[in-house]
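Input: a single structure, listed below in structure tokens.
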Amino acid sequence: MGLLDNESIPRRKMILFFVIDTSGSMVGSKIGSVNDAIENVLPMIGEISDENPDAEINVAALEFSTETRWLYDEPKGAKDFIWQKVEADGLTSLGEACEELNKKLSRSGGFMPTSSGSGYFAPAIILLSDGGPTDNFEGGLKVLQGNSWYKSAIKIAIAIGDDADKDVLKQFTGSSEAVITVHNIDALKKMIRIIAITSSQIGSKSTSATDATKQEQVIDKVNEAAADVAGAETAAAPAPAGTDSYDEWD
Amino acid sequence: MNSIYSYCKGESHILSEKPCQDYAYAASSDTLSMAIVSDGHGGERYFRSDHGSHLLVDITKESVRSFVETIAEQKECIFEEQPFTQYIKKTATDSQVNSKAHKMLMWLFSSIISQWNVAIAKHAIENDLTEWELTHVEEKYRDEFLNKRNDPEATFEKTYGCTLMAYVQTPTYWFAFQIGDGKLVRMNIINEVLHCDQPVPWDSRCFLNKTTSICDSNALEEFRYCYQGDGIFPTAIFLGSDGLDDSYGDGEQLYNFYANLFKQIAKSGKEEAYNVLKRSLPKISKIASKDDMSVACVYDDSNLEHDFHTMCNYQRDLLQKEREKLLDVNSILGQKIDSYGSESTLDESAKINLLYARKDQEKVDKKWEKVYKKLKELDKEEDRFDKKLHPQKITKQVKKDKTKTLSDILKKK
């Protein structure tokens, strides 16, 4: 066995988490668009993973309504990930989702096999929600905020429609710039794609020489792309004043 | 005792035309052996961390020599008959903090920090911005540096910031210390069995690309260490910068790499092992972490032939453990697949889960074959080693394990 035994060098990994609100208010075109968009973006993330010499991208999906449920009990390679359509019904247990995410962002019983981070890139977490939490969100978030993987993660949220609680999403991501609001099906699909691809591309690269964090890089790129998406709104470019709502979900 | 070390520029530094920011050193004699590794920070603000790491290793080398001489002059050695002891500030006890060993080590670290700060200030004053720095470093960091040069009270630790780890061994004691990331691995042979661990306590503030550093304002408090003076010495100690553990992880695969390095020394001698290491590190960086890589090692060379076999047995045990794990996984997957029954009765979700279970079973089978192949290679390697050392000796015939595939194992059952 030589010193350079390629097969003993594991490929560095990055996990992309989708955290999806499947509460009753997501019923209809909203949940349909989420299913459609994620199903279509997964092969693209698979390509990024294949062509990326730095890391392999794995995907995990957590849906939350009255309860929480992981689509699979371990992250799957992006290329092999078979999307199982999620359905909408029930309440919005985002606090419980935070606690569940905390459990899996750990070594013991979780998805992260190392406590020092060796061999892994920081994960990317994309939260999609159209409303406000109906459980103890602050308690759940406090638990999650003590987690080192969460603290290092790229965090982006998509607020689906005007009824989404943007303050909650800002608390989750850590900044208002990381919350993108979408007002129609087309914008929702496009932003899921842009955010998933940008997070995967930047998150799975070796640390650059610049001091801008990966989070900052992703936010900058996503905000720049969102400017060209009709129906997408960022903190830098909010909706026109005097508009009560311009959601179009039919 | 003997030693070996090497370091190289990382693949990402080659592509971005940055210098190698790692530096390493190792040396050994009957009276004093040491290994030191320092890893300069990669962020733009730390644009002279390559000089920082080089200066830090040189200063640590001399400081350790002086420290060991000071201990030797004392009536009672601070480490004499001390059992294995670890320290990190977070969990330190009063008796640890009040011990003479702790006070002396803190004095050593304090001396290293202050000498380093003097050295980098001298370097900063005597060396203008280079052509590379003028074209590659962001203006705000160049301006920060230039402003400090005009201020006699200014310090330059951020520009030169780096990590540090060191191992020191004398005939009667050994100690190791660290600030920042990178992994210090100890190999002990106890009752013919190799044990690997990381004796310096880990600092949880070193996570992903964040690390504690000699350039932190509270650097002295961030040092952590271990020592032992009761006559028990490691077979080998390996220091590796985070480029290594980002490539291999910080567990058994990293230990396996070091076992292979030790075996290389036993097989081909130190000089050839150095050449192999020097050629391998850039390749590992290219395939894996892309980061600068450095390795420094101090090892007991009094029993290389015997220790070679112990290393092989360790690797064999790791592979056997992996086989057992694969058997368990295969069994669970088999039960899962059986539980689904006829595919025609399944809903969409169950069909997908069944498909995944079958794919996972295929992966397990492929891994099993790879492990089998590695076990065979290990046997051949041991045979070649024995024949080379004892060409006339008839080697023992080892019962050949023909269980190449998982289905062979299942058939046997």
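The values are calculated or read from the model by the stated rules, or taken from the named source; none is laboratory data. Keep in mind the model is a prediction, meaning the values are calculated, not measured. For neighbour counting, all protein chains shown are included, and Cβ atoms are generated from backbone atoms with ideal geometry for every residue, glycine included.
Name the one entry in A:R69, A:R12 that is more than 23 Å from B:S349 (Cα to Cα) and within 14 Å of chain B (Cβ to nearest Cβ).
A:R12
Tally time: how many residues in the stretch A:105-119 are more than 7 Å from chain B (Cβ to nearest Cβ) and on the phi > 0 side of the Ramachandran plot?
The qualifying residues number 1.
Being within 26 Å of A:K151 (Cβ to Cβ), acidic (D, E), touching a strand residue (DSSP E or B) at 6+ places or on another chain (Cβ under 9 Å) and in a strand (DSSP E or B) is the requirement here; does A:E99 meet it?
no
What do you reckon, is B:A166 modelled with pLDDT of 95 or more and either outside any helix (DSSP H, G or I) or of a type in the set (G, A, S) (or both)?
For B:A166, the condition - modelled with pLDDT of 95 or more and either outside any helix (DSSP H, G or I) or of a type in the set (G, A, S) (or both) - is met.
Does A:N58 satisfy the criteria of being more than 16 Å from A:I158 (Cβ to Cβ), under 19 Å from the mean Cα position of the chain (by Cα), of a type outside the set (A, V, I, L, M, F, W, C) and within 14 Å of chain B (Cβ to nearest Cβ)?
yes
Looking at the stretch B:194-225 only, could you name the residues that are assigned to a strand (DSSP E or B) and under 22 Å from B:Q169 (Cβ atoms)?
B:L194, B:H195, B:C196, B:D197, B:R224, B:Y225
Applying the selection to the stretch B:81-120, what residues are touching an Asp or Glu at 6+ places or on another chain (Cβ under 9 Å) and among the polar types (S, T, N, Q)?
Within the stretch B:81-120, B:Q82, B:Q115, B:N117 qualify.
Search the stretch B:204-237 for residues being within 17 Å of B:T310 (Cα to Cα) and buried (at least 24 other Cβ atoms within 10 Å of the Cβ), and hand back the single one that is nearest to the other protein chains (Cβ to nearest Cβ).
B:A236
Yes/no matrix, rows are residues, columns are (1) touching a residue at least 60 places away in the same chain (Cβ under 8 Å); (2) assigned by TED's automatic domain parsing to the domain that holds B:K380; (3) over 16 Å from the mean Cα position of the chain (by Cα); (4) not in a loop (DSSP other than H, G, I, E, B):
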{"residue": "B:R279", "(1), (2), (3), (4)": "no, no, yes, yes"}
{"residue": "B:S285", "(1), (2), (3), (4)": "yes, no, no, yes"}
{"residue": "B:C297", "(1), (2), (3), (4)": "yes, no, no, yes"}
{"residue": "B:L318", "(1), (2), (3), (4)": "yes, yes, yes, yes"}
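Restricting to the stretch B:58-115, give me the number of residues that are closer than 18 Å to B:E222 by Cα and in a helix (DSSP H, G or I).
22
Output the residues belonging to the stretch B:352-396 that are within 11 Å of chain A (Cβ to nearest Cβ), within 30 Å of B:Y340 (Cα to Cα) and of a type in the set (K, R).
Listed by number, the residues that qualify are B:K359, B:K363, B:K367, B:K370.
Tell me which residues, restricted to the stretch B:57-89, are among the aliphatic types (A, V, I, L, M), more than 15 Å from B:W174 (Cα to Cα) and out of contact with any Pro (no Cβ under 7 Å at 6 or more places or on another chain).
B:V57, B:I59
I'm trying to understand the selection: among the residues of the stretch B:123-144, which are more than 14 Å from chain A (Cβ to nearest Cβ) and either in a loop (DSSP other than H, G, I, E, B) or under 33 Å from the mean Cα position of the chain (by Cα) (or both)?
B:H123, B:A124, B:N127, B:D128, B:L129, B:T130
For the stretch B:75-118, give me the residue count where each residue is more than 14 Å from B:Y227 (Cα to Cα) and polar (S, T, N, Q).
9
In this structure, is B:F177 crowded, with 23+ Cβ neighbours inside 10 Å and either among the polar types (S, T, N, Q) or over 23 Å from B:Y160 (Cα atoms) (or both)?
no
For the stretch B:59-79, which positions are at pLDDT below 95 and in contact with a Ser or Thr (Cβ under 7 Å, 6 or more places away or on another chain)?
If the condition is that a residue be at pLDDT below 95 and in contact with a Ser or Thr (Cβ under 7 Å, 6 or more places away or on another chain), then B:C77 is the only one that fits.
Criterion first (without any contact (Cβ under 8 Å) to a residue 24 or more places away in the chain and polar (S, T, N, Q)) does B:S204 satisfy it?
The answer is yes for B:S204.
Mind checking whether some residue in the stretch B:289-297 is at negative phi, in contact with a Lys or Arg (Cβ under 8 Å, 6 or more places away or on another chain) and at the interface with another protein chain (Cβ under 10 Å from one of its Cβ atoms)?
yes
With B:S3, B:S53 as the choices, which residue is closer than 19 Å to B:C297 by Cβ, small (G, A, S) and not in a strand (DSSP E or B)?
Step by step, each of B:S3, B:S53 is checked, and only B:S53 is closer than 19 Å to B:C297 by Cβ, small (G, A, S) and not in a strand (DSSP E or B).
Report yes if some residue within the stretch B:267-277 is away from chain A (no Cβ under 11 Å), of a type in the set (A, V, I, L, M) and either part of a helix (DSSP H, G or I) or closer than 13 Å to A:G119 by Cβ (or both); otherwise report no.
No: the stretch B:267-277 contains no residue that is away from chain A (no Cβ under 11 Å), of a type in the set (A, V, I, L, M) and either part of a helix (DSSP H, G or I) or closer than 13 Å to A:G119 by Cβ (or both).
Condition first: modelled with pLDDT of 95 or more, crowded, with 21+ Cβ neighbours inside 10 Å and part of a loop (DSSP other than H, G, I, E, B). Now tell me which residues in the stretch B:6-31 satisfy that.
Passing the criteria: only B:Q21.
Criterion first (of a type outside the set (V, I, T), surrounded by fewer than 22 Cβ atoms within 10 Å (Cβ to Cβ) and modelled with pLDDT of 95 or more) does A:N52 satisfy it?
When the stated conditions are applied, A:N52 does not pass them.
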